[in-house]
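What follows is calculated from the coordinates using simple rules that are stated; it is not laboratory data. Not measured: the values here are computed from a predicted model. Glycine gets a Cβ as well: all are built from the backbone with ideal geometry, and neighbour counts include every protein chain shown.
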Amino acid sequence: QVQLVESGGGLVQAGGSLRLSCVASGNTFSGCAMGWFRQAPGEEREFVAAISRSGDGTYYTTSVKGRFTISRDNAKNTVFLQMNSLQFEDTAVYYCAADPLGRVSGWQSHYDYWGQGTQVTVSS
């Protein structure tokens, strides 16, 4: 069992930056691929970024490439999402998720564990 707790969300102006964190409980974090997803009001939840167990493999949705960076610190059981050049369209609740099978993918069905989410609001 993995419990995930996100933090770092908030209100930021367009063009600004935020860094999200997700801390995992338990001793299985380093064995999980990790992902970030988001859900905007009235929209379905969508994939944002994923990272491999060791951190040497990453995968991004097209709309955030070059602006967002996913990273992890296995010693601290934490995955990060650095978000730069934020746009109004990035406004959403952001969720981190864990895949104990280590697949670096955008498929929500691959992720067994989910956090409660953190709100990111970008003002235009």
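Worth a mention:
- Over the range 48-124, relative contact order from alpha-carbon pairs under 8 Å, at least 6 apart, %: 29
- Residues in the range 38-60 that a label on Phe88 would reach, taking backbone N under 20 Å of a point 7 Å out along Cα→Cβ: 39-44
- Whole-number percent relative contact order across the range 9-92, with pairs defined as alpha carbons under 8 Å at least 6 apart: 37
- Difference of contour (0.36 nm per residue) and Cα-Cα distance, Asp73 to Ala14: 18.4 nm
- With at most 11 neighbouring Cβ atoms within 10 Å, loop GluC sites (Glu not before Pro) (DSSP) excluded, longest segment of the chain: 45-124
- Remark on the chain: Cys32 stand apart, with no other cysteine beta carbon under 4.7 Å.
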